[in-house]
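Notes follow once the structure below has been shown.
The values are calculated or read from the model by the stated rules, or taken from the named source; none is laboratory data. Treat the numbers as computed from the prediction; the structure is a model and nothing was measured. In this analysis, Cβ positions are derived from the backbone assuming ideal geometry, glycine residues included, and neighbour counts consider all displayed protein chains. We work out accessible area using only protein heavy atoms, side chains counted, and drop any ligands, DNA or RNA first. Shrake-Rupley method; radii C 1.70, N 1.55, O 1.52, S 1.80 Å.
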Amino acid sequence: MSVKIRCQGCQKVYRTAEGEFTAIGDATLQIEEGQFVCIVGPSGCGKSTLLKIIAGLDYFTAGEFDVRHGESRDQPINNVVFQEYAIFPWRTVLENVAFGLEMRGISKKIRTEIAREWLQKVGLSKFANYFPDQISGGMKQRVAIIRALANDPEILLMDEPLGALDAQSRLLIQEELLKLWDETKKTVLYVTHSLDEAIFLGDEVLLMSANPGRIIKRYPITIERPRSINTMNTGDFTRTRSEIWEKLAVEVGRSMANQQ
Amino acid sequence: MNPEKSIKLSVQIPLFLLLNLVLYFLDLWTNQVLMCLVIDVIIFGKIVNDAMKLVPVRYKKSSERFVTLLFPILLLSIWEIFASTGKINPTWFPEPTKILASLWELITVPEKFSETTLLGRPWMILERYQEQGLEGVWKLIEEGHVWATLYRVVMGFVIGLVPAVFCGFLMGMNKTIRLMFDSILSAIYVLPKIAIFPIVMLVFADPFGDAPRIAVVALSVFFMMTIHTMGAVQNIEGIYILAGHNYGAHGLKLFFKVILPGSLPSIFSGMRVALGMALIVIIAVEFLRAEKGVGYLIYYNWEILAPEKMYAGLITVMLIGILTTLVLKLLQYLALPWKRHSLFK
Ligand SMILES: Nc1ncnc2c1ncn2[C@@H]1O[C@H](COP(=O)(O)OP(=O)(O)O)[C@@H](O)[C@H]1O
Ligand SMILES: [Mg+2]
C-alpha cells in the first residue's frame, strides 16, 4: 500500500478583521491508498477546514502537504460531500448527481445513465426529476453523497455527511456506505462528530484537539469487516469507544470552556 | 358546526344592524361618516372572520375566494352610494360607475389634442384591416395612449436591464471593478432619475421626442439593476462556488452552471421592483412633457378638471402594471424551473 495523503506539521491561520486566528495548529497525518479514515473532534476544532484544504479548495499557511495522484488521467483526484450538502437548488436531483460528469465533458447520454444507476442504488429513482427544495433533508444528503460517488474520484472527502439524519436512517446509510466503499475501495477521509460512527466505519480514527486543532492521536480500528449493526454490541467496539472517549471528552470539555 | 360560534354570530349580526340604526338616527352617519365607516369595517371584519370558521373544510377554498372577491366589491359599492348621495365629495371621489363609464369613453371617444384614444380608435380596426391589412391595425394601436406608455416603459426597461445585468455580474465577480465603480454607482443611485430628465433632454437631437423619455427610464432601471445584480452575485452562498470548483467548474463553466443560476432568482425579484420604478418614472415624465401617453392623459384631465377621467387613467396605469408584471412572472416561470412550485402561491 502506498501513501495517498500526507500532512506534516500543517497549519492554517486565518487573517480576519479582528486579527489572526489559528484554525489548525498542527495537522500531521498519513492516509494510505484505499483506507477509510475517520476524524473526530469537538465542533469548531477545524475539521471542515482541514477537509477543504485537503480537497484543494483552500491552503495551509505552513507545513508540508502532499496528495499523490493515481495513474489514471481522467479520474478526478477528489470530491467532497460538504457538511452543508451544497447540492445545487437549480438542478434536479438527476442533474445534481451528474454534475461532476457534466463538468468533465461526458456525454449527456452516458452521464444520465450513470446518475440513474446511482439513484437506483440509494433508492431515489423516483425523485430523479425533483428539485432539492422538494425532497427531505435525508434525501438531500444521499444526493450529495452519490454526486461524489458518481464522479468516481480517487479520494472521497466527507464532512459529517449524515449529521442531520435521524438515528434509524443514519444506521441504514452507514451500512449502505460500507457496502459501497467495499465495492469501490476508494480512499476515504470521513469527518464526523459521532464517535460510534467513526469506529463503525473506519480503519483508523484520528482524534483532533479543541481549537487550535491538532491531530493528537491515531487509533487503528482492528474490528473485523464486514461490519453490521451487531458490531456495535461487541466487546471490541465498546472497549475502543471508551478508550477514545476518555480523550475526546477532555477535548470537548476544553472546547466548551473556550466558547464561554 | 361549532354551536358556540354560531350562537356568537346570531348575536353579533343583529347587534351590528342595531348599532347602525342607532348611528343613523343619531345623525352620525351624516356628520361622522369616517368614524362610522371605520367602526363598521372593524365589526364587519370580525363577523366575516367568525363566519369563515364555520365554513366546512370542503368549502374552505371557495369561501376564501368569495371573500377576496366580495369584499372589494362591497367597498366599491359603499364608495358608490356615498358619492352619489353626496356624503363624500364626488368631485374628488367620483362614483366607481362613473369612472368605469369614463374609462369606456376614453377608449371610444378621441380626445381633443392628441386626437386618439387609450387604445387608438379601436372601432376603426376592421376598416383598416380591410384597407391596409395587419400593418394598418398595428398603426392604429400604436397611436393610442396605452401603447405610447407601454412602448416607452418596455423599451426603457430592456435597454436599461441588459447592460445592467452585464455590469452587475462584472462588479459582483471582480473586486477591483467593484471598488472602482461602487461609490459612483451608489451616489447616482440615490438621485431621483426624474431630476436628470432636463439634462437628458438636452443630450438628444430631438429633446421632445420619445428618445429622452426612454433614456430616463433606462437610466433608472440601469442603476437599480446593476446594484441589484451585483448584490445577487455576492450573495450566492460560497459553498456553491466551492462545490462548483471541487467538481471541475471553472471560468465560463462556473459562470453558466453556478453563478448565473445562483443569482437569477434574486435578479428577478430586483426586476419586479425596477419595473414598478420604471412605471413611476414614465408617468412622471409624461406629466412633464408628452403629447400622448397615459401620464399625459391623467395630467390633461387634471387641467380640465375631469376627475373621473383621471381615475380612469389611474386604472389604466394599474392595468399596465399588472400586465407587465404578469409578463415578468411568465419569464420567471420559464427561466427558473426550480422555483415554479413556489411562484404562484
Ligand atoms: N474563512 C474563515 N475565516 C475565519 N475563520 C474561519 C473561516 N473558516 C472557519 N473559520 C474558523 O475556524 C474554526 C474551525 O472551523 P471548522 O473547520 O468549520 O470547524 P469544524 O468543522 O471542526 O466544526 C472555527 O472557529 C471557525 O470559526
Ligand atoms: Mg464542520
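Which residues among the range B:265-304 fall inside the zone where the amide N is under 13 Å from a point 7 Å beyond the Cα of B:Tyr151, along Cα→Cβ?
B:291-294
Between A:Thr222 and B:Asn49, what FRET efficiency follows from the Cβ-Cβ distance if R0 is 51 Å, with the result rounded to 0.05? Please report the intermediate quantities before stating the final value.
Numbers: r = 69 Å, r/R0 = 1.35.
Using R0 = 51 Å, I get an efficiency of 0.15.
Seen from all sides and averaged, what is the projected area of the convex hull of the Cα atoms in the protein assembly as shown, in nm²?
Numbers: hull surface 166.4 nm².
Value for the protein assembly as shown: 41.6 nm².
GNM, chain B, Cα, under 10 Å: largest mean-square fluctuation among B:Phe181, B:Phe197, B:Phe166?
B:Phe181
Give me, ordered by chain and number, the residues 5 or more places off B:Ile88 or on other chains with an amide H under 5 Å from its own placed amide H.
B:Ala83
Please find the FRET efficiency linking B:Leu328 to A:Asp133, where r is the Cβ-Cβ separation and R0 is fixed at 22 Å, and quote it to the nearest 0.05. Walk me through the numbers before you get to the answer.
On the way: r = 21 Å, r/R0 = 0.97.
Using R0 = 22 Å, I get an efficiency of 0.55.
In this model, which of A:Lys12/A:Lys121; A:Lys140/B:Lys53; A:Lys186/A:Lys247; A:Lys121/B:Lys60; A:Lys47/A:Lys126; B:Lys60/B:Lys309 are farther than 31 Å apart at the alpha-carbon?
Numbers: A:Lys12/A:Lys121 38 Å; A:Lys140/B:Lys53 38 Å; A:Lys186/A:Lys247 29 Å; A:Lys121/B:Lys60 43 Å; A:Lys47/A:Lys126 34 Å; B:Lys60/B:Lys309 39 Å.
The answer is A:Lys12/A:Lys121; A:Lys140/B:Lys53; A:Lys121/B:Lys60; A:Lys47/A:Lys126; B:Lys60/B:Lys309.
Report Rg(Cα)/(2.2 N^0.38 Å) for the range B:140-343, keeping two decimals. Please list the in-between numbers first.
On the way: Rg = 19.4 Å, N = 204, 2.2 N^0.38 = 16.6 Å.
This ratio for the range B:140-343 stands at 1.17.
How many nm is it between the label spots at B:Trp104 and B:Ile196, if each spot is 7 Å from the Cα in line with the beta carbon?
Placing both labels 7 Å along Cα→Cβ, they lie 4.6 nm apart.
At 1.4 Å probe size, put B:Met230, A:Met232 in order of accessible surface, largest to smallest. Show your work: numbers first, answer last.
Working: B:Met230 15, A:Met232 40 Å².
The ordering from most to least exposed comes out as A:Met232, B:Met230.
Could you give the Stokes-Einstein D for the range A:120-197 in µm² per second, using the C-alpha Kirkwood radius, 10 °C, 1.306 mPa s?
Roughly 120 µm²/s, to the nearest whole number.
Largest first and to the nearest Å, give the Cα extent of the range B:3-84 along each principal axis.
If we take the Cα atoms of the range B:3-84, the spans are 44, 27, 14 Å.
Mind jotting down the distance between the C-alpha centroids of the range A:216-260 and the range A:37-63, whole Å?
Between the Cα centres of the range A:37-63 and the range A:216-260 lies a distance of 20 Å.
Distance in nm between label sites at B:Gln32 and A:Thr16, each 7 Å beyond Cα in the beta-carbon direction?
6.0 nm
If R0 is 45 Å, what FRET efficiency do you get for B:Val41 and B:Glu127 from their C-beta distance, rounded to 0.05? Let's see the in-between values first.
On the way: r = 50 Å, r/R0 = 1.10.
FRET efficiency, B:Val41 to B:Glu127: 0.35.
Find the Rg to Rh ratio for chain B, where Rh is the Kirkwood radius over alpha-carbon pairs and Rg uses the same atoms.
Values: Rg = 26.3 Å, Rh = 24.6 Å.
Value, to two decimals: 1.07.
With a 10 Å cut-off between alpha carbons and a GNM built on chain A, which of A:Ile54, A:Ile114, A:Ile199 moves the most?
In this elastic network of chain A, the residue with the biggest mean-square fluctuation among A:Ile54, A:Ile114, A:Ile199 is A:Ile114.
Rounded to two decimals, what is the ratio between the C-alpha radius of gyration of the range B:190-307 and 2.2 N^0.38 Å?
Working: Rg = 20.2 Å, N = 118, 2.2 N^0.38 = 13.5 Å.
So the range B:190-307 has a normalised radius of gyration of 1.50.
Subtract the Cα-Cα distance of B:Asp182 and B:Asp210 from 0.36 nm times their separation in residues, and report this length gain in nm to one decimal.
Values: separation 28, 0.36 × 28 = 10.08 nm, distance 3.04 nm.
The B:Asp182-B:Asp210 span can extend by a further 7.0 nm.
Using only protein heavy atoms and a 1.4 angstrom probe, determine the accessible area buried between A and B, summed over both sides, in Å² to the nearest 100.
For A against B, buried area totals roughly 1900 Å².
For A:Ser125 and A:Gln75, compute 0.36 nm times the residue count separating them, minus their Cα-Cα distance, and round to one decimal in nm.
Details: separation 50, 0.36 × 50 = 18.00 nm, distance 2.54 nm.
Additional length available on full extension: 15.5 nm.
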